[in-house]
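The values are calculated or read from the model by the stated rules, or taken from the named source; none is laboratory data. Just so it is clear, the model here is predicted, and its values are computed rather than measured. Cβ placement follows ideal geometry from the backbone for every residue including glycine, while neighbour counts extend to all protein chains displayed. Side chains are part of the model used for accessible areas, which takes the heavy atoms of the whole protein and leaves out ligands, DNA and RNA. Shrake-Rupley method; radii C 1.70, N 1.55, O 1.52, S 1.80 Å.
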Amino acid sequence: MSVPTSFDFAILGGGSAGYAAARTAVALGLKTVVIDGAAELGGLCILRGCMPSKTLIESANRNLVIRNAAKFGLDAKAGAVDTKTLRKRKRCLIGEFASYRQGQLEDGRFTLMRGFARFESASEETLGLSVDLADGTNHSISARSVLIATGSVVSIPEVPGLVETGFWTSDTILDAAEIPDSFMVLGGGPIALEMAHFLEGIGRTVTVVQRSAQLLSTMDADLAEVVQKAFEERGMKVLCDTKIVSVESTPEGKRITLQHQGESKSIEASEILLALGRRPALKGTGVDQIGLEVAKSGHLCIQKTMQTSHPRIFAAGDVCGPLEVVHLAIQQGEIAAKNAALLLKGEEAKHMMDYRCKLFGVFTQPQVAAVGFSEAEAKAQGLEYLVATYPFDDHGKSLVIFHCMYHPNL
């Protein structure tokens with residue numbers, strides 16, 4: 001069957017943002033194509049992000065309950081963790097999620113092209129794309145509007161010896177059959193802390209190394225302090241305010257030399273988990289060739305309408321930020337599709353993102369969540385605000401659940 005060559009709306013990437021945009025565009029009557037060249041359909045959240053990490057974290061949480069069972073008067077003892085079974089369960093669950101998303105992408109509402117697209121031209125009304133298909137052929141198409149939703153890739157810092165020594169990423173750990181007995185986790189953001197929580201939860205020795213003065217640097221310090229204290233009470237080491245100087249192999253594993261609060265320090269473990277953030281996956285898309293504006297962070301510059309510096313090219317998800325949160329990406333994709341439909345009718349884009357109620361969650365123990373502006377953000381914007389706090393360690397229900405887990409006398 002021949003593939004059409006012209007569309008109203010072309011979407012680069014079939015993840016959560018791309019699929020949300022596609023179903024919205026089709027409902028609005030746009031002739032739509034989704035272009036995705038990944039080996040598996042589904043996107044980062046389903047395949048290598050939210051869902052697999054939460055699957056493994058659930059196993060870690062249950063193991064923590066068993067480890068602390070005696071403090072609750074229960075006769076249960078934690079044994080060795082079967083990491084092969086953890087992976088098998090994860091693959092089964094993720095396979096079901098991915099299969100459902102694949103069915104949605106292939107149900108015929110829009111054209112699905114398995115390949116990678118790059119911009120060839122960009123006039124005021126027509127955008128040219130060249131698509132390298134998975135079968136080795138090339139297909140040229142034109143679109144009246146385009147959404148870039150290609151996601152992100154792991155960011156690798158330039159640290160002497162890091163690449164040569166080797167490291168794991170979240171992609172590695174989320175599908176590992178065997179997991180070493182100790183890790184140095186580089187990073188203090190949500191991914192780093194969730195993986196640290198998982199690793200310690202299944203009995204691994206963990207050291208967290210964070211560049212900033214606190215964990216969760218985008219959140220208020222008092223929230224970060226609670227997480228750090230809980231990690232340390234579980235036996236994890238947390239080193240904030242650090243600069244990684246070099247990385248090298250040792251006979252037993254790997255060593256990192258760093259500056260910690262101005263002093264030189266070396267730490268060792270079996271393996272390194274690199275979780276220092278992600279960067280937009282724009283390589284090969286040709287956005288530089290057509291002159292799209294890109295921020296110093298590497299993200300596409302966008303307006304609240306999700307338009308880039310070209311009014312008919314939109315962006316959604318990790319390629320533009322501001323947060324790597326799937327729910328925001330979905331909303332961004334929907335807004336992009338709605339505004340594309342308006343532009344193609346000769347109207348102005350009017351649907352806008354509003355981040356005042358943005359949400360953010362970290363699935364450690366304790367879990368951390370935030371909605372809307374943080375205190376630091378409100379202060380930076382000169383807003384008037386009130387702060388109210390109430391400690392969980394003075395709350396009856398939380399005392400019943402957590403108090404004795406790390407209490408030194410129990």
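For the chain, the longest principal axis of the Cα atoms and the long axis of helix 50-67 meet at an angle of about 10 degrees.
Pairing the Cα long axis of helix 190-201 with the longest principal axis of the chain, what angle in degrees results, from 0 to 90 and rounded to the nearest 10? That works out to roughly 40 degrees.
Charge tally around residue 203: other residues with Cβ under 10 Å, Lys/Arg +1 each, Asp/Glu -1 each, net 0.
Assuming a ≥ b ≥ c are the square roots of the Cα gyration tensor eigenvalues, decide whether region 306-394 counts as rounded (a/c under 1.5), prolate (otherwise, with a/b larger than b/c) or oblate. All intermediate terms of the calculation are to be shown ahead of the outcome.
Values: a/c = 3.31, a/b = 2.11, b/c = 1.57.
Cα axes put region 306-394 in the prolate bin.
Taking 0.36 nm per residue of separation and subtracting the Cα-Cα distance, what length does fully extending residue 3 through residue 137 add? List each step's numbers first, then the result.
Numbers: separation 134, 0.36 × 134 = 48.24 nm, distance 1.23 nm.
My answer for the length gained is 47.0 nm.
I want to verify the translational diffusion coefficient of the chain in µm²/s; compute it with Stokes-Einstein, Rh as the Kirkwood radius over Cα pairs, at 20 °C and 1.002 mPa s. Here the translational diffusion coefficient equals 92 µm²/s. Ordered by solvent-accessible area of protein heavy atoms (1.4 Å probe), largest first, the residues 200, 348, 125 come out as 348, 125, 200. Between amide H atoms placed 1.01 Å from N, distances below 5 Å from residue 315 occur with 148, 308, all of them 5 or more places distant or on a separate chain. Classified by the C-alpha gyration tensor, region 18-62 has an oblate form. Its axis ratio a/c, with a ≥ b ≥ c, is 1.5 or above, and a/b does not exceed b/c. For the chain, with all protein chains in place and a probe radius of 1.4 Å, 53% of the accessible heavy-atom surface sits on carbon or sulfur.
Extending 7 Å from Cα along the Cβ direction at residue 246 and again at residue 395 yields two label points whose distance is 4.8 nm.
A helix-only calculation puts the chain at -9000 deg cm²/dmol for mean residue ellipticity at 222 nm, using -39500 (n - 2.57) for each DSSP H run of at least four residues, averaged over all residues.
Using only the alpha carbons of region 230-335, what is the convex hull's orientation-averaged projected area in square nanometres?
Details: hull surface 42.2 nm².
Averaged projected hull area, Cα only: 10.6 nm².
The calculated FRET efficiency for residue 376 paired with residue 293, based on their beta-carbon distance and R0 = 22 Å, is about 0.20.
Sorting 65-73, 43-51, 145-153 by their mean Cβ neighbour count within 10 Å, with the most densely packed peptide first, gives 145-153, 43-51, 65-73. Compared with the direct C-alpha span, the chain from residue 225 to residue 109 gains 36.9 nm at full extension, assuming 0.36 nm per residue.
Note on residue 393: accessible area approximately 110 square angstrom, rounded to 10, probe 1.4 Å, nucleic acids and ligands left out. Could you state the angle between the C-alpha long axis of helix 221-233 and the longest principal axis of the C-alpha atoms of the chain, as a value from 0 to 90 degrees rounded to the nearest 10? Result, in degrees: 50. Close amide-amide hydrogen proximity is noted between residue 305 and 353, each under 5 Å apart and 5 or more residues distant or on a separate chain (H modeled in the peptide plane; Pro and chain starts excluded).
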